[in-house]
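Below you'll find the structure, written out as structure tokens, and then a few comments.
The values are calculated or read from the model by the stated rules, or taken from the named source; none is laboratory data. Keep in mind that what you see is a predicted model, and the values were worked out from it rather than measured. Don't worry about glycine lacking a Cβ; one is built from the backbone with ideal geometry, like all the others, and counts go over all protein chains shown. Calculation scope for accessible area: heavy atoms of the full protein, side chains included, ligands and nucleic acids excluded. Shrake-Rupley method; radii C 1.70, N 1.55, O 1.52, S 1.80 Å.
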Amino acid sequence: MVDNISAQRNRVGIEHDRVTNVSSTDFPGYYPGEDQAWNIDKFKKNFKIQISYLSDISSSFDLVGNDASIANAFRRIMISEVPTLAIEYVYVENNTSIIQDEVLAHRLGLIPLKANPDYLRWFKKDDPDIEPTDYDTVVLHLSAKCTANPNPPPGTTDPKVLYNNANVYASAIKFEPQGRQAEWFPDGITATNPDILIAKLRPGQEIDLTMHCILGIGQDHAKFSPVATASYRLLPTIDIIGPPLTGPLAQKFKSCFPEGVIAINSKGEAYVKDARKDTVSREVLRHSEFEGRVKLGRQRDHFIFNIESTGAMTPDEIFIKSVQLLKRKCQILRKFDLRT
Amino acid sequence: MPSATNENGVSESSEALQEQIVDQEMADGEFEFEGEIDPNKIQMLPGASEDGTAASFRILQEDHTLGNALRYMIMKNPNVEFCGYSIPHPSEAAMNLRIQTYGEISAIQALEKGLDDLMELCDHVEDEYRKAVEAGEYSTFEP
């Protein structure tokens, strides 16, 4: 209820033309007489994680009790600082296709690879004396040649029938294990989706190239980002103020929100069934009948995360790594002695 | 790829990563997680007060990710009067952090406490998340 003081503090207000009460105010000294200092036990009591679904490719979960700065830190790290493996160096032996070398290399770099990045070390890119080793570089090979079908049925124009190997898919990339990589990657290293189209060829054209893959982070190049995207939204809240809405007004109120947000009870009154399904389109604020009778808002410390992985790691692994990386950043700074 | 899980329900790769982190912590302070640590990573800027209760720090290779989170944790300290961070220029990977305290503790102590608290928070979030994944009260496909 809006009358509750702590709920008021926790709410970001949504008006028809702006948002109000955006910044968090839970700092010591802001509310006189209250103890808002950092207390791990108080935090543990209020903190909750609830997973809605977790598949191999995507996940949605709720993080309750945190501040936006921390949730945003997790999101930013997931997008740009969790390391993954991607093709970095392309050595072209022969490319007579219509796709230019550099365009082909760019496309190859963007292919997400199904590889566990924990087994690899970082490759120091800038040092010319350092040779790639089996610890830090994965070698892949792509070789495709297009030939004409000698006896096509007369009158066809389908390239799949007229030519052999006209489309080069990511499934054509072969893993060449170096050193001990055969035991680290027993299933080999392939693209997460074998149907990614790399290039199209016609008879007489061929592509023959070797690729070196290394670890990298999204900050360096977007191809190293392990998530298609990672985002969060705040839990919407809908409060019906004053007398409940009944009759045709209740029906109109219900139609202002997506399916399942508002329901009509047995007395004909509209009530909020599931505010989580709301997409906050603010449609209800456009109608003068509801002026002063409804209050929209968002709960400032309830984050609904949505992580879509590209396939290299599962979403729960990515989130755990992101939390560990934030801790790692603090650890690195903590080791410095500034008093000297 | 779907990672293997051992009998604890924790994905093996994350355990390997944890072991890697623990191994590196056991080493003599030399972190190789992302290359060597720059000795200039964090410096105190000139303009600190005489008694050390107010100071500015310059942290290299960091941005809003750590800056905002750290600022929040340091502000949660009742002895801190002011804490703010800024990024002087987006083309330069550096972040300035200013801490002013009421006098009970020094700015460096406030910074250290903020870092410790943030690490505590990360530990708890990770534990809770792992517990939630193991508890398995969720669907395994996208609705």
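Considering only the stretch B:69-115, how many residues are open to solvent by 40 Å² or more (accessible area, probe 1.4 Å) and hydroxyl-bearing (Ser, Thr, Tyr)?
Final tally of qualifying residues: 4.
Hey, which of the strands (runs of 3 or more DSSP E) in the stretch B:25-143, taking only ones fully inside, have at least 2 residues that are more than 10 Å from chain A (Cβ to nearest Cβ)?
Filter on the stretch B:25-143 gives B:54-60, B:80-86, B:94-101.
Anything in the stretch A:175-202 that is in a helix (DSSP H, G or I) and open to solvent by 70 Å² or more (accessible area, probe 1.4 Å)? List them, or say none.
Residue satisfying the conditions is A:Glu183 alone.
Here is a list of conditions, (1) surrounded by 15 or more Cβ atoms within 10 Å (Cβ to Cβ); (2) in contact with a helix residue (DSSP H, G or I) (Cβ under 8 Å, 6 or more places away or on another chain); (3) of a type outside the set (Gly, Ala, Ser), and A:Glu289 meets all of them except one; can you say which number that is?
The one condition A:Glu289 does not meet is (1).
One residue is enough: does the stretch A:85-102 have a residue meeting the conditions within 14 Å of chain B (Cβ to nearest Cβ), of a type outside the set (Lys, Arg) and in contact with a Leu (Cβ under 7 Å, 6 or more places away or on another chain)?
Within the stretch A:85-102 (the criterion being within 14 Å of chain B (Cβ to nearest Cβ), of a type outside the set (Lys, Arg) and in contact with a Leu (Cβ under 7 Å, 6 or more places away or on another chain)), the answer is yes, since at least one residue qualifies.
Hey, among A:Lys295, A:Lys321, which residue is charged (D, E, K, R) and in a helix (DSSP H, G or I)?
A:Lys321
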